[in-house]
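Have a look at the structure below before the remarks.
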Amino acid sequence: MLNRLRLVTFDVLGPHAARRIGLLEDRRVVDITMADSSIPNDARAFLAEGQGVISKALQVVESGKYRIPEASVKIRAPIYNPEKIVCVGLNYRAHAKEANMPIPPEPVLFSKFPNTIVGTGDDVIKPTQTKELDYEVELVLVIGKEGRNIPRTDALKYIGGYTVGNDISARDWQLRKPGAQWLSGKTWDTFAPIGPSILLNPLLYSPSDSFNPNNLQLRCILNGTTVQDSNTKDFIFDVEAMIAYISQIVTLRPGDLIFTGTPEGVGMGRKPQLWMNPGDKVRCEIDELGAIENTIAKPATL
């Protein structure tokens, strides 16, 4: 049996092309929906079914069958149709310091839209309208259970899984437009790479697992140079606090994404400042979750 379950969305290549979900196992994908047609063929729907569907997936894993070499499929963003993408800004102490901003007394929230989502290996498009394109490695929470006014003591039970994210930001639009337009600086097409998989919350199938989202090492590597290297221990608001706070405002539903903030080392905070340009390669990685890699590209010409 797999120690931990990693949910992926993938495209089958070749003449019978199709998009399915499966479980990542070493360099193979366990094709759980091919094995059992009652398993939803969509990550959001899979998460909504909770422990029952995870039990079915485990049975497929234990069968030892339905393996596909990872090289013969295209791994996509693990979830591409969330109802909501909620982001927490200034959530690392050292990052708030480098931004010359006070430690916030409550979480700072903004949002992205699903048009921002791309997967590992996909291009991130640098709009011609920005000169200040920045990287931000982040832990992303994937909600697995509907909830409102969730107490922090129960918060981890509402998480379906965890993934790696890059909160791409156009700083000139975010900070120097009238009123500081965080939304317009954050939600251009392709500005939310996530993946490569969703580590399903071990509480749902292995309660003795010691996975702790508030103690994960995370890094961003730009063109081979490590530019961010920190730990979620530096959170101002931990995972439980974020879920409790956000769920006061909106009902969280399966598939919703919560970007939990980025640590110090962003391009905006460097001297001299460091911006991404077409041709740059950016890698975001979190220990125990994996890594995503993307290339910065120019917009397509018509």
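Scalar couplings 3J(HN,Hα) for region 11-20, obtained by applying the Karplus form with A = 6.51, B = -1.76, C = 1.60 to θ = phi - 60°, are 9, 6, 8, x, x, 10, 4, 7, 10, 9 Hz; x denotes Gly and Pro.
Under Stokes-Einstein, with the Kirkwood radius over Cα pairs as Rh, the value for region 50-161 at 25 °C and 0.890 mPa s is 135 µm²/s. Taking Cα extents along the principal axes in Å as calculated from this structure, the corresponding entry among (i) 83, 41, 39; (ii) 80, 47, 32; (iii) 55, 49, 30 is (iii). Computed from Cα positions, the angle between helix 51-63 and the longest principal axis of the chain comes to roughly 60 degrees.
Computed about the Cα centre, the dipole magnitude for the chain is approximately 420 debye when only Lys and Arg (+1) and Asp and Glu (-1) carry charge, each at its Cβ. In this simple spin-label approximation, Leu175 and Thr226 carry label points 7 Å from Cα along the Cα→Cβ vector, and these lie 2.5 nm apart.
Less than 5 angstrom separates the built amide H of Ala297 from those of Val124, Ile125, Lys126, Gly279, all sequence-distant by 5 or more or on a different chain.
With 5 Å bins beginning at zero, the pair-distance distribution over Cα atoms of region 155-302 amounts to 2, 8, 15, 20, 21, 16, 10, 6, 2, 1, 0 %. Taking Cα atoms only, the orientation of helix 239-249 departs from the longest principal axis of the chain by about 80 degrees.
Using 0.36 nm per residue and subtracting the Cα-Cα separation, the extra length available between Ser111 and Ser210 on full extension is 32.6 nm.
Along Cα→Cβ, 7 Å out, is where each label goes; now give me the distance between the ones at Gln248 and Gln59 in nm to one decimal. A separation of 4.4 nm, rounded to one decimal place. When Val250, Val282 are sorted by how many other C-beta atoms sit within 10 angstrom of their C-beta, beginning with the fewest, the order is Val250, Val282. Here the contact order of region 32-108, divided by its residue count and restricted to Cα pairs under 8 Å and six or more residues apart, works out to 25 percent.
Here the gap between Ile103 and Asp11, fully extended at 0.36 nm per residue and compared with their Cα-Cα distance, gives a gain of 28.8 nm. For the chain, DSSP calls about 90 percent of its internal beta bridges antiparallel. Residues in region 86-94 carry Karplus couplings, in order, of 9, 10, 10, x, 6, 10, 10, 4, 5 Hz; the curve used is 6.51 cos²θ - 1.76 cosθ + 1.60 with θ = phi - 60°, and Gly or Pro positions show x. Helical runs assigned H by DSSP (4 residues or longer) give the chain a calculated mean residue ellipticity at 222 nm of -4500 deg cm²/dmol, each run adding -39500 (n - 2.57) before division by the residue total.
Pull out a ≥ b ≥ c, the square roots of the eigenvalues of the alpha-carbon gyration tensor of region 131-179, then state rounded if a/c is under 1.5, prolate if not and a/b is larger than b/c, and oblate in the remaining case. Here region 131-179 falls in the prolate category. A full extension of the chain between Glu49 and Arg148 corresponds to an added length of 33.8 nm, given 0.36 nm per residue minus the alpha carbon distance.
Each reported figure results from applying straightforward, stated rules to the coordinates on display, with no laboratory input. Here the structure is a predicted model, which is why all the values come from computation and not from measurement. Positions of Cβ are backbone-derived with ideal geometry, glycine not excepted, and every protein chain shown enters the neighbour counts.
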